[in-house]
1. How high is the relative contact order of the chain? Use alpha-carbon pairs under 8 Å, at least six apart in sequence, and give a whole percent.
2. Highest GNM mean-square fluctuation, the chain, Cα pairs closer than 10 Å: which of 38, 57, 23?
3. For helix 51-61, report the angle its Cα long axis makes with the longest principal axis of the Cα atoms of the chain; keep it between 0 and 90° and round to the nearest 10°.
4. How much FRET efficiency would the formula 1/(1 + (r/R0)^6) give for residue 20 and residue 73, where r is the Cβ-Cβ distance and R0 is 30 Å, rounded to 0.05?
5. With everything on Cα atoms, drop me the angle between helix 23-32 and the longest principal axis of the chain, reported from 0 to 90° to the nearest 10.
6. Roughly how compact is segment 16-74, stated as its Cα Rg over 2.2 N^0.38 Å to two decimals?
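Values in this text are rule-based calculations from the coordinates and carry no lab data. Treat the numbers as computed from the prediction; the structure is a model and nothing was measured. Virtual Cβ from ideal backbone geometry, glycine too; neighbours counted across all protein chains shown.
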């Protein structure tokens with residue numbers, strides 16, 4: 001059963017979080033609620049459409065987030 005989590009922005013905003021002058025702000029934004037929420041659900045799938053969001057999730061939680069298209073393709 002899918003569950004939508006209430007969370008903050010991942011902090012990446014495309015290339016924003018990759019830029020050296022923004023990296024700390026980017027991490028703080030992700031830690032505001034998104035990453036802690038994902039860490040609290042270790043047995044669930046994490047789905048994120050944005051490539052930069054998936055990178056931030058992987059870097060911050062050591063978990064792979066997948067695009068919804070991969071889930072749909074797996075169930076065809």
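1. Computed value for the chain: 28 percent relative contact order.
2. Comparing 38, 57, 23 in the GNM, the peak value goes to 23.
3. Helix 51-61 sits at roughly 80 degrees to that axis.
4. The computed FRET efficiency comes out at 0.25.
5. With rounding to tens, the tilt is 50 degrees.
6. Taking the Cα Rg and dividing by 2.2 N^0.38 Å, one obtains 1.17.
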